[in-house]
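So the structure is just underneath, and the comments pick up after that.
The values are calculated or read from the model by the stated rules, or taken from the named source; none is laboratory data. In this text, all values refer to a predicted model and were calculated from it rather than measured experimentally. Note: ideal-geometry Cβ built from the backbone for every residue, glycine included; neighbour counts use all protein chains shown. Accessible surface areas use protein heavy atoms only, side chains included; no ligands, DNA or RNA. Shrake-Rupley method; radii C 1.70, N 1.55, O 1.52, S 1.80 Å.
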Amino acid sequence: INDKCTIGKHVTITDSHLWQGATVEDNATITESILCNDCIIKNGATVPKGCIIGRGCVIGKNVTLPEFTRVTLWKDEGDDDGFSDDFDGDESSDNDSAISSSSGSSSSGDDSSV
């Protein structure tokens, strides 16, 4: 837990990293995840194993994310990292073998709140 973090009441944080300025409101649960600078986890939200919450992102009240979710405000038009996290409606991929061998669920979004 880094500088200037704010932790509410009845919060559970297990094996996670909270970077500078992260806020976790009351009754939230964070498990084996990374909360980047200035992100906010609202009251009652659950951030499970393997999640990365990007700088300035907000996870809404009582939201439960799937494991290994990635939330970011940054969008890279040329992102082709071999992971199936591109939700542009195009089901085809040049990286079918990489996608079929990866496990877990990923999510990215342009919204500042999930």
> For Ser101, which of the numbered conditions (1) out of contact with any strand residue (DSSP E or B) (no Cβ under 6 Å at 6 or more places or on another chain); (2) at pLDDT 95 or above; (3) of a type in the set (Ser, Thr, Tyr) fails to hold?
Replying inline: (2)
>> Tell me whether the stretch 2-11 contains one or more residues that are assigned to a loop (DSSP other than H, G, I, E, B), β-branched (Val, Ile, Thr) and at pLDDT 95 or above.
In response: yes
>> Give all pairs with beta carbons closer than 9 Å in which a residue from the stretch 42-55 that is farther than 13 Å from Thr31 by Cβ meets a residue that is basic (Lys, Arg) and surrounded by fewer than 17 Cβ atoms within 10 Å (Cβ to Cβ); count only pairs at least 6 apart in sequence or on separate chains.
In response: Lys42/Lys61; Asn43/Lys61; Gly44/Lys61
> For the subset of the stretch 53-75 comprising residues that are closer than 14 Å to Leu18 by Cα and part of a loop (DSSP other than H, G, I, E, B), which member is most open to solvent (accessible area, probe 1.4 Å)?
Replying inline: Arg55
